[in-house]
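Participant: Sending over a structure as structure tokens; questions will come in a sec.
The values are calculated or read from the model by the stated rules, or taken from the named source; none is laboratory data. Bear in mind the structure is a predicted one, so any value in this text is a computation, not a measurement. Here the Cβ positions follow ideal geometry from the backbone for every residue, glycine too, while neighbour counts run over all protein chains shown. For accessibility, only protein heavy atoms count, side chains too; no ligands or nucleic acids. Shrake-Rupley method; radii C 1.70, N 1.55, O 1.52, S 1.80 Å.
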Amino acid sequence: LRAHAVDVNGNQVENPIDIVINVIDMNDNRPEFLHQVWNGTVPEGSKPGTYVMTVTAIDADDPNAQNGMLRYRILSQAPSSPSPNMFTINNETGDIITVAAGLDREKVQQYTLIIQATDMEGNPTYGLSNTATAVITVTDVNDNPPEFTAMTFYGEVPENRVDVIVANLTVTDKDQPHTPAWNAMYRMTGGDPTGRFTILTDPNSNDGLVTVVKPIDFEANRMFILTVAAENQVPLAKGIQHPPQSTATVSITVIDVNESPYFVPNPKLVRQEEGLLAGSMLTTFTAQDPDRYMQQTSLRYSKLSDPANWLKIDPVNGQITTTAVLDRESIYVQNNMYNATFLASDNGIPPMSGTGTLQIYLLDINDNAPQVNPKEATTCETLQPNAINITAVDPDIDPNAGPFAFELPDTPASIKRNWTIVRISGDHAQLSLRIRFLEAGIYDVPIVITDSGNPHASSTSVLKVKVCQCDINGDCTDVDRIVGAGLGTGAIIAILLCIIILLILVLMFVVWMKRRDKERQAKQLLIDPEDDVRDNILKYDEEGGGEEDQ
């Protein structure tokens with residue numbers, strides 16, 4: 001406070017002075033924790049002295065006096081196992097640490113401590129106090145390895161099946177479920193050198209699912225004895241005396257099933273010259289039955305696919321014979337190869353069958369004579385440089401095809417007198433006029449073409465040549481006359497059909513008109529002359545009388 005001394009007139013008689021009043025603190029406030037419930041964690045198996053958490057309280061009294069100086073202590077611990085004093089607290093800072101060993105999550109997962117804060121430096125007589133709760137959760141570490149529930153597991157699988165679960169491996173683990181310390185990993189340690197099995201882990205049950213990933217042949221392996229091991233995703237904590245993994249054996253029995261027969265080899269390649277006559281033995285195509293331990297009769301054979309219907313197979317011994325002449329030039333032959341498919345069936349339960357492909361590579365023989373192409377050509381009637389280019393076509397292949405020899409026949413004599421032919425390459429030749437002038441018209445020119453096969457094959461092909469008058473450019477000017485003279489059989493038939501159809505239409509129209517006239521005359525005869533309307537209309541040439549007549 002500031003004090004002033006003045007007289008009755010208000011004049012200052014002394015200098016002002018300050019009066020300081022010190023308020024002495026009294027212990028009238030209890031300590032208050034920042035939280036009523038404190039949460040902390042500590043790993044199981046922690047050594048004594050491991051820090052856990054810190055609790056904090058505040059006091060509104062003077063912190064520099066005893067009224068505001070707090071001290072902490074633990075009033076109780078629940079549960080009290082394995083020791084009633086598993087934790088201690090720093091009475092000044094509130095730090096909670098472990099004081100005893102033996103924290104085991106599998107036995108006690110959580111501890112509850114009642115913490116007291118007292119002012120007056122913790123004087124129990126004069127100090128004020130308050131309490132809070134500290135909840136300490138014991139976290140899991142991998143201190144328990146997985147353990148198989150049995151020493152031997154059993155399963156069975158039909159042969160040739162894949163992606164099939166054959167056995168369930170069950171384990172127990174005391175660690176916290178669905179954590180890396182609980183999740184099990186399985187691996188094969190023996191009994192599966194070819195890798196036919198794998199073990200997957202069920203994420204919900206933690207079981208090991210033994211699964212077939214490669215087909216198993218009963219005739220080769222009737223049983224498998226697998227050695228398996230299970231361990232956690234994370235290694236065991238240090239100092240754990242248990243072995244890190246558990247082992248067991250899995251006995252898997254393979255079940256024999258009826259398997260499909262198979263042809264050997266498949267496909268089977270046979271080289272054969274074309275032209276093989278019907279009824280000839282081609283080859284023998286047989287299959288094998290992999291079921292050696294089943295009581296079955298011999299296999300039966302049948303034909304599944306034979307596009308040209310050239311073959312048949314003996315149902316007992318698989319002997320294949322021809323039913324028609326083999327022709328390399330057939331539309332069913334691609335790249336000299338003809339494919340046929342056969343079926344082999346057993347009488348097992350259920351019956352099974354297998355297919356095999358017979359590939360016949362047909363070797364060419366000179367069984368086709370060459371032909372001229374195109375079949376028709378046009379040239380001028382005068383000797384002009386307008387030779388006709390022709391090509392020899394032979395379905396055969398080398399060496400039974402080109403180069404070809406082209407020549408004109410000796411008869412009739414007019415052929416060689418009017419025409420000449422010159423070969424310009426192995427497959428091509430030119431036909432031209434020998435004389436200066438040949439009357440316009442259509443001429444059939446026979447051409448003899450011989451191939452290079454051994455023996456040779458030749459044929460006489462007729463080339464229909466249209467000789468016409470040409471302009472200076474070498475183009476025909478009387479095409480209509482030539483074309484009319486050279487109408488083919490198909491064109492003539494088409495024209496005749498059109499004429500016949502037109503005549504039929506005209507005839508039908510005439511018949512219809514006559515029928516219509518007859519019907520009209522008949523209607524007129526049926527009308528009575530007295531009833532004719534025209535006879536009942538009278539003309540008087542008189543004007544009407546007015547409104548009534550209207």
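Participant: Could you pull out every residue, at least 5 positions away or on a different chain, whose amide H is within less than 5 Å of the one on Phe87? Hs are placed 1.01 Å off N in the peptide plane, and Pro or chain starts have none.
Facilitator: Amide H neighbours of Phe87: Val99.
Participant: Still on this structure: Accessible area of the range 262-363 with a 1.4 Å probe: how many percent of it is carbon plus sulfur?
Facilitator: Numbers: 2790 of 5480 Å².
Heavy-atom surface of the range 262-363 belonging to carbon and sulfur, 1.4 Å probe: 51 percent.
Participant: Using a Förster distance of 51 angstrom, determine the FRET efficiency expected from the C-beta separation of Thr249 and Lys47, and round it to 0.05. Please report the intermediate quantities before stating the final value.
Facilitator: Values: r = 39 Å, r/R0 = 0.77.
Taking R0 as 51 Å, the efficiency between Thr249 and Lys47 is 0.80.
Participant: Per-residue ellipticity at 222 nm for the chain, helices alone: DSSP H runs ≥ 4 residues times -39500 (n - 2.57), over residue total, nearest 500 deg cm²/dmol?
Facilitator: On the way: 3 runs with 51 residues, N = 550.
Here the helix-only value at 222 nm equals -3000 deg cm²/dmol.
Participant: Okay, next question. Along the principal axes of its C-alpha atoms, what lengths does the range 109-157 span, in descending order and rounded to whole Å?
Facilitator: Cα spread of the range 109-157 along its principal axes, largest to smallest: 81, 15, 13 Å.
Participant: Ok, one more. Can you tell me the length gained on complete extension of the stretch Glu156 to Thr477, counting 0.36 nm per residue apart and subtracting the Cα distance? Kindly include the intermediate steps, with their values, before the conclusion.
Facilitator: Values: separation 321, 0.36 × 321 = 115.56 nm, distance 9.17 nm.
Taking 0.36 nm per residue and subtracting the Cα distance, the gain is 106.4 nm.
Participant: Mind giving me the nanometre distance, one decimal, between the label points for Glu219 and Asn317, set 7 Å out from Cα along Cα→Cβ?
Facilitator: 2.3
Participant: By a straight-distance test (C-alpha under 19 Å), which lysines pair with Lys303 as possible cross-link partners, with residues fewer than eight away in the same chain excluded?
Facilitator: Those lysines meeting the cut-off are Lys268, Lys312.
Participant: Rounded to the nearest 20 debye, what is the charge dipole size of the chain about its Cα centre when +1 sits on each Lys and Arg Cβ and -1 on each Asp and Glu Cβ?
Facilitator: Working: 38 positive and 71 negative charges, 581 e Å.
For the chain, the charge dipole is close to 2800 debye.
Participant: The range 69-140 to the range 326-388: how many Å between their Cα centroids?
Facilitator: Taking the Cα centre of each part, the range 69-140 and the range 326-388 sit 99 Å apart.
Participant: Averaged per residue, what accessible surface does the chain expose to a 1.4 Å probe, in Å²? The partial results should precede the final answer.
Facilitator: Working: 33540 Å² over 550 residues.
I get 61 Å² per residue for this part.
Participant: Measure off 7 Å from each Cα along the Cα-to-Cβ vector at Arg30 and Asn90, then give the distance between these two points in nanometres to one decimal.
Facilitator: Modelled inter-label distance: 2.7 nm.
Participant: With log10 I(q)/I(0) by the Debye sum over Cα atoms at q = 0.10, 0.12, 0.13 Å⁻¹ in mind, check [x] -0.82, -1.03, -1.13; [y] -0.83, -1.16, -1.34; [z] -1.06, -1.19, -1.26 and report the label derived from this structure.
Facilitator: [z]
Participant: For Ile365, list long-range residues whose amide hydrogen, built 1.01 Å from N in the peptide plane, is under 5 Å from its own amide hydrogen.
Facilitator: Long-range HN contacts for Ile365: Glu274.
Participant: Could you give the angle, 0 to 90 degrees to the nearest 10, between helix 489-526's Cα long axis and the longest principal axis of the Cα atoms of the chain?
Facilitator: Long axis of 489-526 versus the principal axis of the chain: about 90 degrees.
Participant: Give me the number: length gained by fully extending Arg2 to Gln469, i.e. 0.36 nm times residue separation minus the C-alpha to C-alpha distance, one decimal in nm. It would help to have the intermediate numbers written out before the result.
Facilitator: Numbers: separation 467, 0.36 × 467 = 168.12 nm, distance 14.73 nm.
This chain segment gains 153.4 nm when fully extended.
Participant: Please give, to one decimal in nm, the separation of the simple spin-label points placed at Ser302 and Asn339, each 7 Å out from Cα toward the Cβ.
Facilitator: Taking the simple label geometry, Ser302 and Asn339 are separated by 2.2 nm.
Participant: Work out, step by step, the length gained on full extension between Thr355 and Glu106: first 0.36 nm times the residue separation, then minus their alpha carbon distance; give nm to one decimal. Before the final figure, lay out the partial values.
Facilitator: Details: separation 249, 0.36 × 249 = 89.64 nm, distance 6.26 nm.
Value of the extension gain: 83.4 nm.
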